[in-house]
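Everything below concerns the one structure shown next.
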Amino acid sequence: MITKYLAILRMKYVEMFAYQLSTMVWMFGTMVQPLITMMVWMNIYPDQGESFVLYFVALIMVERLTSAWDVWEMDRQIREGTFSYQIVRPFHPIHWAIAENIVYKGLFLVVLVPCWIILALFIPSLRLHLSVTGWGLFLAALLLGAVIRFAMSFLFGILCFWMNKVTAIYAMFETVSLFLSGQIAPFSLLPPVVKQISTFFPYRYMIGFPLEILTGTANSHTLMIGFIGSFIWAVVLIVIISLLWNAGLKKNQAVGG
Amino acid sequence: MTIQVQDLNKSFRVHVRQEGWTEALRSLFKREYQTVQAVKDVSFTINTGEIVGFLGPNGAGKTTTMKMLAGLLHPTSGTIEVDGFKPQEQKNEFKKIMSLVMGQKSQLIWDIPPMETFLVNKSVYEIDDHSFRQTLDELVELLELQPLLGRPVRNMSLGQRMKCELACSLLHRPSVLFLDEPTIGLDVNTQEKVRQFIANYNREHKTTILLTSHYMGDVTALCDRVMIINHGKLLYDGELQVLSEKLTPYKLLEVRLPSSTRGPWESYGEVVTFEDGKLTLRVARDRVPLVSSELLANYEINDLNIQDPPMEEVITLAFQEESHDH
């Protein structure tokens, strides 16, 4: 199992550097939207500028480290029929996807953390004052967030066995996510009703919750609710994936000559 | 017996839509479906080490059958057994003894050299270092892959890529090999090389091979036995030679004679062509010896050649026979 993972990690690593430019665009291009949103908020509340800088820089970081793209890949591969080669090989396709996630997120981490450190030298509000426990909680929440986002994306990917172009539905899911995961506005600025609702959806646990820990705005109540919510969503999604996978294979049309 | 298929059926539900703007809009709200039966009551067995050619026009059900054998598709009804496994259960033990090559799809990773995919397969199929080396060396030599190993797959020609695909799918030494149009799009020369490779590989390793192809050359060069399928039904299963004798009970006599020679050629057989001293006659199989000796005795003949009708013709006739049944 480990040797299989290592081999795929290696291959994904080599592949990643074959697409140098797109990997870079992928890493930095997605920063544009949060940076613009940040400027809008700084314009509305000029006196809170510093906290917005911290929030949105942390957002870029957390968003990249939990990002999931598997549905796009699966949609293409299932529609074009190349997914068949993953099915006939004796290693579950989900492991290929997980390995790919590890490699890309590893790269994001290696590039983005030094960027943050350099920025923090010039921008005092970016200097973090987290305790060791705080860091531990953040990493746990980040990992759960990444698992939930990945699982969601993979789950939509499995739906490609039934439907064409699942990505359209996924894009809608992502749009709702912009609001409920805290990507458009910090949670403290959302109306109370939205905050209430967001507790029951997976969105908040994907990005907003780890972000709250990192920026030091999570109290013990938020922490408890957050971890219970994240954990339940992670388990539920993994169970659904394992049930849906076999049904999907039965439905598979293995298209294309 | 390696492959055993009994009363195999597969039907798909396909969304049908009329053309036109309003119809397209209507299909958004009300979808109509049609059931297409791609494979109908197909049964056959293939013995260990056999190479069987699977023939049929586009959409006949060849690929669907092959995908069911490889476990990619679940049969609607009927049973399949490959080396004791039920393919649709997708057990890892099964996946390790078989391989599927689709001429139109690549399993090699597009933007990096093929060696990377080989290494992934080495781990995924749990091939030990020694046998990996040995197999790879053998494949590299047979398929002349050395100069290709370090080149990104996207920079290869179709023929080069196909050779790498074959190597990739053979690294774990499968005992059953499904080849779906392995020579499609290749030039004649490369086709010939791939054929030779498959023939040698089968001889040396006793691999059971099921092959689909549109090129008759693949089938005549590799397979003694063919299965012909059309509209999902198995029409013929047996020796190629027997099929040819049954459907084309004649041979072609190619005669070269001085261009001034005239004769009552129709009395010997059906004249296919006659120009510039080249005569082609279609003669019933049992009359061939008599006709040839008469021609040789009565005319000044430069050359005489007796040929089986081209396989394309045989197969076309096989498909036509079936349509008459409808």
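Under the condition of being part of a loop (DSSP other than H, G, I, E, B) and touching a strand residue (DSSP E or B) at 6+ places or on another chain (Cβ under 8 Å), the residues counted in the range B:47-58 number 6. Would you call residue B:83 in contact with a helix residue (DSSP H, G or I) (Cβ under 9 Å, 6 or more places away or on another chain), within 11 Å of another protein chain (Cβ to nearest Cβ) and surrounded by fewer than 21 Cβ atoms within 10 Å (Cβ to Cβ)? It is false that residue B:83 is in contact with a helix residue (DSSP H, G or I) (Cβ under 9 Å, 6 or more places away or on another chain), within 11 Å of another protein chain (Cβ to nearest Cβ) and surrounded by fewer than 21 Cβ atoms within 10 Å (Cβ to Cβ). Scanning the range B:116-139 for residues that are surrounded by 17 or more Cβ atoms within 10 Å (Cβ to Cβ), more than 7 Å from chain A (Cβ to nearest Cβ) and either farther than 21 Å from residue B:163 by Cα or of a type in the set (A, V, I, L, M) (or both) yields B:127, B:136, B:139. Say whether the condition of being in contact (Cβ under 8 Å) with a residue 40 or more places away in the chain, within 30 Å of residue B:97 (Cα to Cα) and assigned to a loop (DSSP other than H, G, I, E, B) is met by at least one residue in the range A:87-108. Yes - at least one qualifying residue is present in the range A:87-108.
When you check residue A:248 against the structure, is it assigned to a helix (DSSP H, G or I), within 14 Å of chain B (Cβ to nearest Cβ), in contact with a helix residue (DSSP H, G or I) (Cβ under 6 Å, 6 or more places away or on another chain) and within 30 Å of residue B:11 (Cα to Cα), yes or no?
Against the criterion (assigned to a helix (DSSP H, G or I), within 14 Å of chain B (Cβ to nearest Cβ), in contact with a helix residue (DSSP H, G or I) (Cβ under 6 Å, 6 or more places away or on another chain) and within 30 Å of residue B:11 (Cα to Cα)), residue A:248 qualifies.
Residues considered: A:74, A:39. Of these, the only one that is more than 14 Å from chain B (Cβ to nearest Cβ) and more than 29 Å from residue B:165 (Cβ to Cβ) is A:39. Within the range B:20-35, restricting attention to residues that are charged (D, E, K, R) and farther than 23 Å from residue A:253 by Cβ, the residue that is surrounded by the most Cβ atoms within 10 Å (Cβ to Cβ) is B:26. When residue B:148 is tested against the conditions (1) crowded, with 20+ Cβ neighbours inside 10 Å; (2) more than 24 Å from the chain's Cα centre (by Cα); (3) within 14 Å of chain A (Cβ to nearest Cβ), the lone failure is (3). One residue alone among B:64, B:35, B:22, B:76 is more than 21 Å from the chain's Cα centre (by Cα), within 12 Å of chain A (Cβ to nearest Cβ) and β-branched (Val, Ile, Thr), and that residue is B:76.
Residue B:157 satisfies every condition listed in (1) more than 14 Å from chain A (Cβ to nearest Cβ); (2) crowded, with 16+ Cβ neighbours inside 10 Å except (2). Of everything listed in (1) within 12 Å of another protein chain (Cβ to nearest Cβ); (2) crowded, with 21+ Cβ neighbours inside 10 Å, the single unmet condition for residue B:183 is (1). Of all residues in the range A:69-115, those being under 17 Å from the mean Cα position of the chain (by Cα), of a type in the set (Val, Ile, Thr) and within 18 Å of residue A:170 (Cα to Cα) number 1. From the list A:154, A:122, the one residue that fits, being among the aromatic types (Phe, Trp, Tyr), more than 19 Å from the chain's Cα centre (by Cα) and away from chain B (no Cβ under 14 Å), is A:122. Selection of the range B:103-115 for residues being at the interface with chain A (Cβ under 7 Å from one of its Cβ atoms) and touching a residue at least 60 places away in the same chain (Cβ under 8 Å) yields B:104, B:107. Taking the criterion of being assigned to a loop (DSSP other than H, G, I, E, B) and surrounded by 14 or more Cβ atoms within 10 Å (Cβ to Cβ), the only residue of the range B:250-260 that qualifies is B:257. Of all residues in the range B:199-221, those satisfying the criterion of being under 18 Å from residue B:309 (Cα atoms) and in a helix (DSSP H, G or I) are B:216, B:217, B:218, B:219, B:220, B:221.
Only the coordinates and a few stated rules stand behind these numbers; no lab work does. Worth saying up front: this structure is predicted, and the values here are computed from it rather than measured. Note that each Cβ is placed from the backbone with ideal geometry, even for glycine, and that neighbours are counted across all protein chains shown.
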